[in-house]
Amino acid sequence: MNVLEKFNEVQNYFSPKIIGEVNDTYIKIAKIKGDKVPWHAHLNEDEMFYILEGSLFFEVENGNDFTMNQGDFFIVKKGIRHRVSSTEECKIMLIENKTTAHTGDVISEITKTISEQQV
């Protein structure tokens with residue numbers, strides 16, 4: 001599989017798509033553009049972000065906000081409130097436990113169920 005080619009199947013921003021599984025973990029891709037992701041936390045799971053193309057602004061509850069660029073990755077530890085945004089289209093890969101809810105402890109207009117994340 002060519003991961004960048006899989007983005008042709010991702011039609012909407014903020015809508016992760018599952019492209020693989022490793023044991024109890026999903027490998028997902030998503031396009032981000034704008035600032036619709038709400039502040040949220042995953043109470044029981046860590047979450048890994050890897051930037052394939054573009055830049056992603058990452059906000060964390062401690063105020064140590066930062067920008068991620070192509071090739072960067074970051075692991076959000078369980079329980080840490082965070083949100084992401086991007087001025088231009090950004091393509092990301094997420095590695096998450098299968099139990100990880102899309103927007104964690106918050107339901108919003110962008111929240112997707114696991115079945116909605118299937119390619």
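We did not get these values from a lab; they are worked out from the coordinates using the rules stated. Here the structure is a predicted model, which means the values were calculated and not measured. Cβ placement follows ideal geometry from the backbone for every residue including glycine, while neighbour counts extend to all protein chains displayed.
A few remarks follow.
- Residue within the range 101-110 that is surrounded by fewer than 16 Cβ atoms within 10 Å (Cβ to Cβ) and free of Cβ contacts under 8 Å to residues at least 12 places away in the same chain present: yes
- Residues of the range 76-87 include none that is hydrophobic (A, V, I, L, M, F, W, C) and exposed (fewer than 13 other Cβ atoms within 10 Å of the Cβ).
- Listed by first and then second residue, the pairs with beta-carbon distance under 6 Å, at least 6 apart or on different chains, first residue in the range 14-31 and farther than 20 Å from Ile107 by Cβ and without any contact (Cβ under 8 Å) to a residue 40 or more places away in the chain, second in a strand (DSSP E or B) and not aromatic (Phe, Trp, Tyr), are Gly20/Ile27.
- Where a residue in the range 72-88 is farther than 17 Å from Gly104 by Cα and without any contact (Cβ under 8 Å) to a residue 24 or more places away in the chain and its partner, wherever it lies, is surrounded by 14 or more Cβ atoms within 10 Å (Cβ to Cβ) and aromatic (Phe, Trp, Tyr), with Cβ under 8 Å and at least six apart: Asp72/Tyr50
- Qualifying positions in the range 70-114 - of a type in the set (S, T, N, Q), farther than 17 Å from Pro16 by Cα and under 14 Å from the mean Cα position of the chain (by Cα): none
- Of all residue pairs spaced 6 or more apart or on separate chains, those with beta-carbon atoms under 8 Å, a first member in the range 37-50 that is touching a residue at least 12 places away in the same chain (Cβ under 8 Å) and a second member that is surrounded by 19 or more Cβ atoms within 10 Å (Cβ to Cβ) and of a type in the set (Gly, Ala, Ser) are His40/Gly104; Ala41/Gly104; His42/Gly104; Leu43/Gly104.
- With respect to the conditions (1) surrounded by 15 or more Cβ atoms within 10 Å (Cβ to Cβ); (2) out of contact with any Lys or Arg (no Cβ under 6 Å at 6 or more places or on another chain), Leu94 falls short on a single one, namely (2).
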